[in-house]
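J.: Starting off with a structure, shown below.
The values are calculated or read from the model by the stated rules, or taken from the named source; none is laboratory data. Predicted model, so just to flag it, every value in this text is computed and none were measured. Quick reminder, even Gly has a Cβ in these numbers, built from the backbone with ideal geometry, and neighbours come from all protein chains shown. Remember, those area values only see protein heavy atoms, side chains included, never the ligands or the DNA or RNA. Shrake-Rupley method; radii C 1.70, N 1.55, O 1.52, S 1.80 Å.
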Amino acid sequence: MNEHSAGGDPSVPGGRWYDSDAGPLVRPYAMTGGRTKPGPGNVRFDLIALVVVDDDPPGPAEESLLGPEHRSLLALCRAETQSVAELAADADLPVGVVRVLLGDLLESGFVRVSRPVPPARLPDERILREVIDGLRAL
Amino acid sequence: MAYERSERTGAEDDADTALALKVLVAGGFGVGKTTLVGAVSEIRPLRTEERLSRAGELVDDTGGVDRKTTTTVAMDFGRITIRSGLSLYLFGTPGQDRFWFLWDELSQGALGAVVLADTRRLEDCFPAVDYFEHRRIPFVIAVNCFTGARAYGAHDVSRALDLDRGTPVVLCDARDRDSGKEVLIRLVEYAGRMHTARLLDTVG
Ligand SMILES: Nc1nc2c(ncn2[C@@H]2O[C@H](COP(=O)(O)OP(=O)(O)O)[C@@H](O)[C@H]2O)c(=O)[nH]1
Ligand SMILES: [Mg+2]
């Protein structure tokens, strides 16, 4: 498959992200500079990882350098703590793109992204009880 | 299983303890996944799709054929807010086998799954049952009682699916909010029991 997205980095190989059976997924996106992998440490944010604005963000000068997609994501995060999936849906962007953009925002200190709780720390009984009661009360 | 904010936090309420739980809704095509997620979620199911960005949509070349270079995967997605800082996220998994790769991602850290079944074509849910059994992900079978479908008891279904003892089978109407809530409650209860049992297992 050709990669020819505007401003794409030709050195970034392939747009294939998932397995081949799923078909070619996404060519490197123009708005991510051709990157398909999320940023720092190759963290791949879970769909329900929660994104929160950093309480000590870079200044307005730096923010003004952000692209429109970065900024619209940031605005969504400011409005409410949201999951990666919600951000993708609300920003009307593919999840893959959102992951890359969030990686950028994380790296530059605009947001923080929640980390997985290790399996040994599954929600305790109290939390599950709370969920059950909450569902009943809906 | 869950995501939790563990680092320093901003001014957001409950940011310290925000917890997100993931529940999958699986089953064959047309069994009522979208209907169920829509019935219980406070937001309209949203679709997260992998598709070409508008900016990347520059014409591909090779002879004017508009080659589709994107796999579009629509997922049903809903959120149930239990309270500020505690939400349940529902993901309706795409039914086709070719999307197994997506299941792998979705099931990672999932609290559990609802496998919807239609007794008129029970075999449609075999792959989902196999999938969750293999990965030891707690699941309940929710038999969507379509009108006109012959009513089977939970027992019949359990036997027909050769379920492990204890796997709950719930009869439901996917269109009905209360019915959907009951399915989720049974799942959370069961996931809790499974978790406790495993803890005891490891202890001795
Ligand atoms: N009569 C009846 N129809 C249902 C029920 N659940 C779903 N449907 C209908 O069955 C069709 C398929 O449901 P849908 O949720 O789209 O299935 P999905 O492919 O699993 O997402 C839709 O037209 C629904 O309105 C039910 O419990 N009873
Ligand atoms: Mg559907």
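J.: For A:ASP124 and A:LEU76, calculate 0.36 nm times their separation in residues minus their Cα-Cα distance, and state this gained length in nm to one decimal.
T.: Using 0.36 nm per residue and subtracting the Cα-Cα distance, I get 14.2 nm.
J.: Enter the buried accessible area of the A/B pair, total of both sides, probe 1.4 Å, in Å² rounded to the nearest 100.
T.: 5600 Å²
J.: Here is a further query. How high is the FRET efficiency from B:GLU123 to B:ARG150, r the C-beta distance, R0 22 Å, rounded to 0.05?
T.: 0.90
J.: Please give the residues from the range A:84-98 for which the solvent-accessible area of heavy atoms, probe 1.4 Å, is smaller by at least 20 Å² with all protein chains in place than with the chain isolated.
T.: Buried-area filter returns A:ALA85, A:GLU86, A:ALA89, A:ASP92, A:PRO94, A:VAL95.
J.: Report the local net charge at B:ASP178: Lys and Arg +1, Asp and Glu -1, summed over other residues whose C-beta lies under 14 Å from its C-beta.
T.: +2
J.: Rounded to the nearest 0.05, what FRET efficiency do B:ARG165 and A:ALA137 have when you use their Cβ-Cβ distance and R0 = 30 Å?
T.: Calculated transfer efficiency: 0.45.
J.: For the range B:101-204, with every protein chain kept in place, what is the accessible area per residue (1.4 Å probe, Å²)?
T.: Here the residues of the range B:101-204 average 51 Å² of exposed surface.
J.: Check B:LEU19: other-chain or 5+ apart residues with amide H under 5 Å from its amide H, H built from backbone geometry?
T.: Result for B:LEU19 returns B:LEU86, B:SER87.
J.: Roll a 1.4 angstrom probe over the protein heavy atoms and tell me the percent of accessible area of the range B:139-204 that is carbon or sulfur.
T.: Carbon plus sulfur share of accessible area: 51 percent.
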